Amino acid sequence: MKRSIQLITIFFILTFVFACQAEIKEAEKQEQQGKVKTKRPLNPNGDSELALMMRSMYDEADRIKKQIAAGEAVELKLDHGKILTAHATEPEKAASAEYKGFAKVYLNHLQKLENAKGDEAQKHFNTLVENCLSCHQALCPGPVVRIKKLQRPIQQKSI
């Protein structure tokens, strides 16, 4: 009887482990294909939809910075418009006129960046990052240090 319980317990544990591994592999596959829309939570109590979205936006900005350095056209993969509707950790801040103003300016600069050619792309990228810093300094200073990393000069590759 005791042996049967042990075998059943081991069976359930192995089933759980294999199921988790399959989910992780599927998530990695989707991330490689550019289908992932948000990042996984970092906090043990979970993260808001907006926090996850902004982490993905940072990653996309870093990728765009590399595209500009390589002389490539800027390609957006995220739906940045969700910054106006995503659930925030502090909903009252995201509902404020100040936040919505910053978000709309960000989206405007993002559109200009997407349509920019040559040196204009770098100029619009820098303006976009400055907009991120302004918003975070006013409303949510936690990520400021990380955002400042995007300000490092873009090194153009010589042909």
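Observations, loosely collected:
- Residue match in region 72-87 (condition: at pLDDT below 95 and over 18 Å from the mean Cα position of the chain (by Cα)): yes
- Filter pass, Glu120 being surrounded by 12 or more Cβ atoms within 10 Å (Cβ to Cβ), over 27 Å from Asp47 (Cβ atoms) and of a type in the set (Asp, Glu): yes
- Lys112 passes every criterion in (1) of a type outside the set (Gly, Ala, Ser); (2) more than 16 Å from Cys132 (Cβ to Cβ); (3) assigned to a helix (DSSP H, G or I) apart from (2).
- On the stretch given as region 46-86, residues that are acidic (Asp, Glu) and part of a helix (DSSP H, G or I) total 4.
The values are calculated or read from the model by the stated rules, or taken from the named source; none is laboratory data. In this text the structure is predicted, and so the values were computed from the model without any measurement. Here the Cβ is made from the backbone with ideal geometry for all residues, glycine too, and neighbour counts use every protein chain on show.
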